[in-house]
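Just so it is clear, none of the values below were taken in a lab; they were calculated from the coordinates. Note that the structure is predicted; figures quoted are calculated from it, not measured. All Cβ positions, glycine included, derive from the backbone under ideal geometry; neighbour counts span all protein chains shown.
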Amino acid sequence: MLPSAYFAGLGTGAGLIVAIGAQNAFVLRQGLQRLHVGAVVLVCVLADIALIALGVAGMGLAVKQQPGLLQALRFVGAAFLATYGLLAARRAWRGESGLRPADAAAGGRGRTVLACLGFTLLNPHVYLDTVVLLGSLSTHYDGTGRWSFAAGAGTASLLWFTALGYGARLLLPVFRSPVAWRVFDVLVAALMCGLAILLLRQPMA
């Protein structure tokens, strides 16, 4: 393990992942509802680690050479985000509280995991950040240094998603109010639909 490479990966990974995005909003909502938090955190962390490993192993160049794949993901991801955004807007309009027992029955573990995979794998920017960018940056190191960099980036993912998913409960006193949930869902709807529009308007480089 090369400490300098590890901490470089940790800092770079944190800088990329700690940003307002669809995946983070989804993890936060699950954490607030205390629904399948462990499964959601595990899916996010394992997906990130797998993509980072692919990048460090040299798949970044292959992704760059397949613009058609990223373009396809762009449209599928936009449709997915827009759909979730409209659902959030409907919840806000109806004033549905996110802490109702009915929500636990409606959101099974399988559906939750599939939704989490959608937010993770249908976003083409995820591949650019992890496979391409982190993979490219890892080439600054040789041998074990590259994998130390990958380990640092993976650690950042683990720390962030664990803190986001399980730390959300600290906000529960605020979200016991239906008004807070309506505001949250309005923001989520705006975020999801905004990201969908950006994906449609900006071709992937």
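Descriptive notes on the structure:
- Placing +1 on the Cβ of every Lys and Arg and -1 on the Cβ of every Asp and Glu, with nothing else charged, gives the chain a dipole about its Cα centre of roughly 660 debye.
- Compactness index (Cα Rg / 2.2 N^0.38 Å), the chain: 1.07
- Calculated FRET value between THR139 and VAL179, using beta carbons and R₀ = 45 Å, to 0.05: 0.35
- Span-like helix ranges in the chain, DSSP H, alpha carbon extent 30 angstrom or more, Kyte mean at least -1.0: 67-94, 144-167, 178-201
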